[in-house]
Each structure stands twice: as C-alpha cells, then as structure tokens.
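All remarks here apply to the structure that follows.
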Amino acid sequence: MQIRQTNHEFNFGSYPTFGHNIDPKQRAWIEVRGKALETNVRNLRSKLSKNCQFMAVVKADGYGHDAKVVSEYAIRGGASQLGVATLKEGVKLRSFGVKKPILILGNLYTKRDLIISFKNDLMPTISSIRECLICNNIGKQFGLKFSLHLKVDTGMSRLGFEYSRFIQNFEKIKSFENILIEGIYSHLSSADEDNALDPKSITQLQRLKFNELLKQINLDRNNEIKIHLANSAAMLLNKDFHFNMVRVGLSMYGYSPLTKIDKNLSLEPALFLKVKVAFIRTIEPGVNVSYGGKFVSCRKTKLAVLSIGYADGVPRNLSGKIKVIYKNKLYPQVGSITMDQMMVDITGSNEIKVGSTMILLGSDGDKTITPIDWAKESDTIPWEILCSFKNRLPRVQVD
Ligand SMILES: *Cc1c(COP(=O)(O)O)cnc(C)c1O
C-alpha cells in the first residue's frame, strides 16, 4: 500500500491511478455500427450513375460517430473521397493512415495553414484570388502543383467566390502554374425543404445558377474536374443535382433529411446511444422528481435513474419529452434532465434492474428512436443532436 503525501498542494507529480480498466460501458456510451455505415453508403451509391463519386462527409468527428471508424467503413462501402470541416480534422485522418483524397470544406486563409494542408495532401476550399495566390506560391516553393477545389456562392452567402465574378476568376486561376483545380463546387441552402423540387424554389434557382456557370467554362476540356453541389438532401431529390460527385453526410449515418421518404432506399441508423440504470427507487404519489419539481408523481411510481445527462450532450430541453427503450417497450423520461443523470418511469416493470442497459437512441424490436425524433421535440435539427455528444461518452465500435 502506497502512503500518499498529505500536503494540500498540487504538485503535479505522479499519483498512482487505476482507471485504465474502467469499462467503457460503465455508464453511458455510443455504439457505432460500422456495417450499417458501409451498407448505407452502398445503398446510397446505388442511386448514383457510374461516373459519379461519393464523398463521405466526416466532419465534426464523423457527426459524433468517430471519424476514424466512419471513414474506414464509408471507404469499404465505396466512398472515394472524404470531406472534413477543419485543417485539424484532415490532418487527423491522415495520421490514421487514410489515403483517399480529403477536401477541407471550411476556409483556410493563412499561408501557415495552407502549407500544412499542402504537406498533408489535403485539398483546401478556395473562395478568393488572394487565397489562390498563396496556394500558387506554396506550389512554386515546393516545385509542385497545389490541388484544391474552387467554391462559388450560388445563394448561401457563406463561402465561395462571388457568383458574378467567378468566370473571370476561373480563367485567371487556370493560368496559375502551380495550381491544380481538382474541383468546382457550390452549396445549397434549402435542399431539405419540402418545396425543393418546385421550379421556383431556392434550390432549383441555385442549381440553375450553378449549371449556367458550368456551361460557360466548357467542361469537355476540364472533365477531370470534380463538379459537386449535392448534400444528402439534394442527392436524394434527383440526379439533376449529382454532377460527378456528391457530398453526403446525414443520410450516410442513417437518417433522411427529406420528409418524403423514398421507399426503395433503406437507411439504417449507425449510432445507438445506450445507458446503464445506476439506481432504482419507488416514490409515493405526490412526490417531486428532479430539479424544480417540474414532475410530481400521481401514483406510486418506480423510477430508474439513468447515468446520462446534458453534460453528455442530451439536450436539457428534452426534459419530460423523450422515451427510452428496454426490451421492445417504451418508458417515459420524467422530471428535468440533470447534468449527469435523468429519471425514467419504469412502473410496472420487474425486468429492469440496476445495471440494465436502456436505449435512448436506436432500436429494439419494432421500437425506434432517432435524432430526428429528438430534434422535433428539441426545436432543432438532427445534425445538431448528433454533433452535441460529448467526449465523456465513449464510442464503442460494433459490427
Ligand atoms: C456538412 C456539409 C455537407 C453534408 O451535408 P449533409 O446534409 O449532412 O449531407 C455537404 N457539403 C458541405 C459544404 C457541408 O458543409
């Protein structure tokens, strides 16, 4: 037995700890289903023409699933390119040994960052001549061509060259000797809206604007260039949005962003959120549950205390609005969701015990709960639900 020092100063020296064998399934965890990802990519790709490539969007740590696992299975499913948001995300994928082309969807604007991008063989998104000149100089410095994608703004007003100046800039960039234009793209603002196929919709207007540019740059001569516009929603709308590459995030993870679901397309959630029952208690009628006493029992109630809370990324405004699955049955969450725990009404169940595993997101039998369900109750979108999950939740890979 080691005698520990009793002075009260932190000395940041060594301290014997024994946490390395804590079970990742000890309280709450995210189960990442590699096979589901692979199958989703394969099913989605079956909707594309043969010459259309699939870029798997793995930004924000693969929408919270673990970018390494997602990249591996997406590539197995046939993804030929990867998309990340940041320089660091791209470098991380390279450090894992990912060899596929990687596009950084965010903007890099310093020479320092663009050099790091270049050295790691990451393609930046370029939205101005200024950035392009930096890239050309870097290419010159290394005696190579700097591969990159040009982005044009067709109505998102976020990144991208100004639409009216694009052709002029494109011609100029073509003459830069140390630049290789690998792609030209734009991003849609409203492809998941119900009216996206309406000829007067923003989505159709953006598509027409993009097409108009492509006509002017004579694609026959530039047919090596990847042309891409579609996110998940646009990919699922129809082939007019596909060009020769699509950038797919949400639907690859198993959720359609469209309200009208294509019955010929099966998507399987790749993420299950599971939690252990940490404690069970029975309360009398008329007893407060959780902070603020927002829930009061109206009968003798058996409560399961689950070890997950808003510090894990479950939105607090879902308090009292969600259900939890145990063996093909749904149980309502009651009272305020706290930082580290939440309570569930399990009255009538004798099966659920301390240490039982309940499902917050995922399915069991014919019961399914998805981030789309949570998003509706939480007044947000499924994308935000997925990337809210914190590192406190271990990601556990299953097939
Ligand atoms: C995130 C992102 C995507 C993927 O969007 P999904 O709707 O999740 O498919 C595509 N393109 C760009 C530029 C993005 O930032």
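The values are calculated or read from the model by the stated rules, or taken from the named source; none is laboratory data. For clarity, every value in this text was computed on a predicted model and none was experimentally measured. Quick reminder, even Gly has a Cβ in these numbers, built from the backbone with ideal geometry, and neighbours come from all protein chains shown. Accessible surface areas use protein heavy atoms only, side chains included; no ligands, DNA or RNA. Shrake-Rupley method; radii C 1.70, N 1.55, O 1.52, S 1.80 Å.
Could you list, ordered by first residue, the pairs with Cβ atoms under 7 Å in which the first is in the stretch 138-159 and among the basic types (Lys, Arg) and the second is modelled with pLDDT of 95 or more and not in a loop (DSSP other than H, G, I, E, B), at least 6 apart or interchain?
Listed pairs, sorted by first residue: Lys145/Gly139; Lys145/Ile179; Lys145/Leu180; Lys151/Thr125; Lys151/Ile126; Lys151/Phe161; Lys151/Tyr185.
Testing Ala191 on (1) among the aliphatic types (A, V, I, L, M); (2) surrounded by fewer than 16 Cβ atoms within 10 Å (Cβ to Cβ); (3) farther than 24 Å from Cys135 by Cα, one condition comes back false. Which one is that?
Here Ala191 clears every test but (2).
How many residues are open to solvent by 10 Å² or more (accessible area, probe 1.4 Å) and assigned to a loop (DSSP other than H, G, I, E, B) when one looks only at the stretch 209-229?
The total comes to 8.
Residues Ser232, Ser266, Ser256: which one is within 17 Å of Arg45 (Cβ to Cβ) and open to solvent by 60 Å² or more (accessible area, probe 1.4 Å)?
Within the list Ser232, Ser266, Ser256, the selection yields Ser266.
Name every residue in the stretch 237-253 that is near the ligand (Cβ under 10 Å from one of its atoms) and either open to solvent by less than 10 Å² (accessible area, probe 1.4 Å) or not assigned by TED's automatic domain parsing to the domain that holds Gln206 (or both), in order of residue number.
Those that are near the ligand (Cβ under 10 Å from one of its atoms) and either open to solvent by less than 10 Å² (accessible area, probe 1.4 Å) or not assigned by TED's automatic domain parsing to the domain that holds Gln206 (or both): Val246, Val248, Gly249, Leu250, Ser251, Met252, Tyr253.
Do you know which of the residues in the stretch 45-74 that are open to solvent by less than 20 Å² (accessible area, probe 1.4 Å) and in a strand (DSSP E or B) is farthest from the ligand (Cβ to nearest atom)?
Phe54
Open to solvent by 10 Å² or more (accessible area, probe 1.4 Å), free of Cβ contacts under 8 Å to residues at least 40 places away in the same chain and acidic (Asp, Glu), is that true of Glu162?
Here the answer is yes, as Glu162 does meet what is asked.
Considering only residues that are in contact (Cβ under 8 Å) with a residue 40 or more places away in the chain and crowded, with 19+ Cβ neighbours inside 10 Å, which ones fall in the stretch 102-124?
The answer is Leu103, Leu105, Met123.
Mind checking which strands (runs of 3 or more DSSP E) fall wholly inside the stretch 236-312 and carry at least 2 residues that are over 22 Å from the mean Cα position of the chain (by Cα)?
271-283, 301-306
What pairs come up if the first residue lies in the stretch 182-208 and is polar (S, T, N, Q), the second is in a strand (DSSP E or B) and within 16 Å of the ligand (Cβ to nearest atom), and their beta carbons are under 8 Å apart, counting only those six or more places apart or on different chains?
These pairs meet every condition: Ser186/Lys151; Ser186/Val152.
Identify the residue in the stretch 293-314 that is touching a residue at least 40 places away in the same chain (Cβ under 8 Å) and open to solvent by 70 Å² or more (accessible area, probe 1.4 Å) and, among all such residues, is farthest from Asp23 (Cα to Cα).
Arg299
Limited to the stretch 364-379, what total is found for residues that are on the phi > 0 side of the Ramachandran plot and among the charged types (D, E, K, R)?
Going through the stretch 364-379 one residue at a time, the tally reaches 1.
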